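K.L.:
Below are the structure tokens for one structure; questions will follow.
Each reported figure results from applying straightforward, stated rules to the coordinates on display, with no laboratory input. Everything quoted here is computed from the prediction, not taken from an experiment. Reconstructed Cβ throughout: ideal geometry from the backbone, glycine too, with neighbour counts over all protein chains shown.
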Amino acid sequence: MTAKKKSAFSLEIRDDNIGVITMDVPGEKMNTLKSEFADQFVEIMDKIKHEPNLKGLVLISGKDDSFVAGADISMLDSCKSQNDAEEISRTAQRVFKDLETLKVPIIAAINGPCLGGGLELALACHARICTTNPKTAIGLPEVQLGLLPGGGGTQRLPRLVGVQKALDMMLTGKQIRPKQAKKMGLVDDIVPKTILLDAAIKLAKKGKPSRKPPKLDLMGKVLETNPYGRKVLFDQATKQTLKKTRGNYPAPEKILDAVKAGVELGIEQGYDKEAKGFSELVMTKESEALRSIFFATTEMKKENGVDGVDPLKVNKAAVLGGGLMGGGISYVTTNKASVPVRLKDISHDGIKHAMQYSFDLLNKKVKRRHILKAEMQKQMNMLTGTVDYSGFHDADIVMEAVFEDLNLKRRMVADVEENCRENTIFASNTSSLPIGQIAGEAKRPENVIGLHYFSPVDKMPLVEVIAHDKTSDSTISTTVDFARKQGKTPIVVKDKAGFYVNRILAPYMNEAAFVLLDGEPIEHLDSALVDFGFPVGPMTLLDEVGIDIGAKIGPILVGELGDRFQAPAAFDKLIADGRKGKKNGKGLYLYNGKAKKSKKEVDESVYALLGITPNQKQSKDEIAERCVVQMLNEAARCLDEGIIRNARDGDIGAIFGIGFPPFLGGPFRYMDQLGAKQLVSKLEGYQRRYGDRFEPADCLKNMAEKDGKFYQDA
């Protein structure tokens, strides 16, 4: 006989007739809801209903620092039809309704993440109490997976906190911190972790709380308490949503539909709309792509930089350079990795600016009540500065963020080798210089590695870890692990010009420049790529990054990779005219207060400077395709040359590094969706019209012949 699988739920009836339901998924670090738990929960509910003296219940997690992190979304992959997906939603709704209709009060005791299905479970309880633990976070992030909350969340949350606040949570997927949750009525109380169970039991003994309508401010009362106000509210929400999604993401509209149905037609119609919307979204290619990103990043977190090589622990870090990058790297090291940083700059001003960077970010958190002032002071104390190498002797890793100058970086390597331990890692934050060249004169080249951050460091999730041919396996694994502790998603890439992200970005940006020189208006060009799904258009991006930075990287790529990276010569005129972009207030757009605050305005003088007359001739679809196929073609070459280890890393790198549209799953999943034959055909068509910069990569031609794919499961 097969042994019965251990249940994720247990029930203990205390002497005071309060029952404690503990959720503890066997063999898992965090609780997630799985479809097979429905029967287990029904068993527990049956026991509860047969306890005649029961006065109340507490639902708590058996895991340390985790309530319920959400539903196990891998179960959605087994859905063969909308009916299968709808059944998952209907089952969750049924189970949670059963909980909600219990005659005795049930209190959710929340410590740690309470997300997605976990919050829907808590919302079905009669009251919620959470801890002050910094790891406690409450939210419905389903929209980030192309889904909506399918277990009654679209109905219960608006009734608890109001429509506007509920929509804000569901349409963004944002996570709410304990104090904020209490203020908005999402939880009834917040307590220290040590007394969570006692406080929840005490609340349960008080009986079922009488729920008052959500607390609304004046505007909330105007919009939410009458049909005319609600019409304005939903119309505006729909308008704002479409402005953000450009119609590329179906989930936000379905969330709005479900909430609106529940508010206007009644909760049962709302449940029905929710279940149907959930089932439709599960089967969309957008949700499939977004779920693939989730699985990829989850998988990457479990991997070492080099298989079988464990990372060494980093107890202390150092940073060279107090500019924006150095300040950002110092911040994520102390704030996310909780590792002390010794910062060196040639001037006290540089140190001051870098420390101010951390202070400003932490102070913002204090003002928003995300952290206490004491926590801010504790983190600031982890950052110290110096104008020499004092305090560097015990650093495990030194991250360099100085100017892009080979001789300067080589001197930094020599200084670190002289002032640090024999096994101290030297990590260079270079965007263009080969790591092998930086390590060219090193005594210990095995310790030298690239660690390429993207700006701003505190916001951009990606880092490229670049190993040259002499970098040791231990250095790679330690650097990858350390980058993860900084809150980053690292991909290991080969040491070749442009690495991966800048290399695939360059032909895309160059093509946008060629489109501009064809006479397409700047705003039309940018809008075409935003409509396609990028967060900003290429001309805006050029201004943001710096026209001068692009001009420096271009020749390096041409020298090492060939003429297909040649930017149009006319763009030299921008540099000659002193146009560096946003940083000096002179670029393709107007800055320094010349532009209206509501909308950026193009600097019309650019057209005369470049010798063109703007005339919209090409459709947005054609403009987007021209630029994007260049990026796809180069991504395929990068994989073929081993610049990236696999298609998965290439997709994550493009999405997290340059904002490739997440709903397409990344360049490689998108190429699989298009099909190699179709992509090669498009490239050859553009090659005939515009020249050999569009020549399809050999690997794509081979794939087209064999009908191959980058993902065999696609």
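K.L.:
Quick one: which residues, 5+ away or cross-chain, put their amide H under 5 Å from the amide H of residue 136? H built at 1.01 Å from N.
P.N.:
112
K.L.:
Need one number: convex hull volume per residue for the stretch 317-494, Cα atoms only, in Å³.
P.N.:
Working: hull volume 17.3 nm³, N = 178.
Once divided by residue count, the hull of the stretch 317-494 is 97 Å³.
K.L.:
Hey, another quick one. Students often get this wrong: which residues of the stretch 412-434 have the backbone nitrogen under 14 Å from the point 7 angstrom along Cα-to-C-beta of residue 485?
P.N.:
425
K.L.:
I would also like to ask the following. Which value does Rg/Rh take for the chain over its C-alpha atoms, Rh per Kirkwood? Spell out each step's value before the answer.
P.N.:
Working: Rg = 27.7 Å, Rh = 28.0 Å.
We get a ratio of 0.99 for the chain.
K.L.:
Could you list which residues have their amide H under 5 Å from that of residue 695, counting only those 5 or more apart in sequence or on another chain, with H placed in the peptide plane?
P.N.:
Distant-sequence amide H within range of residue 695: zero hits.
K.L.:
Also, I was wondering about something else. Based on alpha-carbon atoms only, what is the radius of gyration of the stretch 9-283 relative to the globular estimate 2.2 N^0.38 Å? Working shown, then result.
P.N.:
On the way: Rg = 18.1 Å, N = 275, 2.2 N^0.38 = 18.6 Å.
Normalised by 2.2 N^0.38 Å, the Cα Rg of the stretch 9-283 equals 0.97.
K.L.:
Can you give the charge dipole size of the stretch 9-283 about its Cα centre, rounded to the nearest 20 debye, using +1 on the beta carbon of Lys and Arg and -1 on the beta carbon of Asp and Glu? Display every interim value, and only then the final one.
P.N.:
Details: 41 positive and 35 negative charges, 279 e Å.
Approximately 1340 debye in magnitude.
K.L.:
Based on DSSP H runs of at least 4 residues, each adding -39500 (n - 2.57), what is the mean residue ellipticity at 222 nm of the chain after dividing by all its residues, to the nearest 500 deg cm²/dmol?
P.N.:
Numbers: 29 runs with 347 residues, N = 714.
Computed mean residue ellipticity for the chain: -15000 deg cm²/dmol.
K.L.:
Using Cβ contacts closer than 10 Å as the measure, can you line up 306, 259, 332 from fewest to most? Can you show the working numbers first?
P.N.:
Values: 306 19, 259 26, 332 23.
Listed from fewest to most nearby Cβ atoms, that is 306, 332, 259.
K.L.:
Through the Karplus equation 6.51 cos²θ - 1.76 cosθ + 1.60, θ set to phi - 60°, convert the phi angles of the stretch 213-229 into ³J(HN,Hα) values in whole Hz; use x for Gly and Pro.
P.N.:
x, x, 6, 10, 6, 4, 5, x, 5, 5, 8, 9, 9, 8, x, 5, x
K.L.:
What distance in nm separates the two pseudo spin-label positions at residue 34 and residue 646, each 7 Å out from Cα along the beta-carbon direction?
P.N.:
Taking the two extended label points, one gets 2.3 nm.
K.L.:
Something else about it: May I have the pair-distance distribution P(r) for the stretch 224-285, computed from all Cα-Cα distances with 5 Å bins from 0 and rounded to whole percent?
P.N.:
4, 19, 24, 22, 21, 9, 2, 0
K.L.:
Using the Cα centre of the stretch 1-137 as the reference point, and only Cβ charges (+1 on K/R, -1 on D/E), how large is the resulting charge dipole? Debye, rounded to the nearest 20. Don't jump to the answer; show the numbers that get you there.
P.N.:
Working: 17 positive and 20 negative charges, 29 e Å.
The dipole of the stretch 1-137 has a size of about 140 debye.
K.L.:
Once amide H atoms are placed 1.01 Å from N in the peptide plane, what residues at a sequence separation of 5 or more from residue 492, or on another chain, have their amide H within under 5 Å of its amide H?
P.N.:
465
K.L.:
Where the centroid of each part is defined by its Cα atoms, how far is the stretch 26-82 from the stretch 146-224 in Å?
P.N.:
The distance from the Cα centre of the stretch 26-82 to that of the stretch 146-224 comes to 20 Å.
K.L.:
Please list 3J(HN,Hα) in residue order for the stretch 72-84, calculated via the Karplus relation 6.51 cos²θ - 1.76 cosθ + 1.60 where θ = phi - 60°; whole Hz, with x for glycine and proline.
P.N.:
6, 6, 5, 5, 6, 5, 7, 6, 8, 8, 4, 4, 4
K.L.:
Given a Förster radius of 30 Å and the C-beta distance between residue 566 and residue 244 as r, what FRET efficiency does 1/(1 + (r/R0)^6) yield to the nearest 0.05?
P.N.:
Details: r = 36 Å, r/R0 = 1.19.
After rounding, the FRET efficiency stands at 0.25.
K.L.:
So for the chain, taking the charge dipole from beta-carbon charges (+1 Lys/Arg, -1 Asp/Glu), which of 306, 436, 161 sits furthest toward the positive end?
P.N.:
Result: 161.
K.L.:
Apply 1/(1 + (r/R0)^6) to the Cβ-Cβ distance of residue 622 and residue 298, taking R0 = 30 Å, and write down the FRET efficiency to the nearest 0.05. Numbers along the way, then the final one.
P.N.:
Details: r = 37 Å, r/R0 = 1.24.
Once rounded, the FRET efficiency stands at 0.20.
K.L.:
Can I ask one more? Taking θ as phi - 60°, what are the ³J(HN,Hα) couplings along the stretch 442-453 by the Karplus curve (6.51, -1.76, 1.60), each to the nearest whole Hz, with x for Gly and Pro?
P.N.:
Here the 3J(HN,Hα) series is 6, 6, 10, x, 5, 8, 8, 8, x, 9, 8, 8 Hz.
K.L.:
In debye, nearest 20: dipole of the chain around its Cα centre with unit charges on the Cβ of K, R (+) and D, E (-)?
P.N.:
On the way: 103 positive and 95 negative charges, 616 e Å.
That gives a dipole near 2960 debye.
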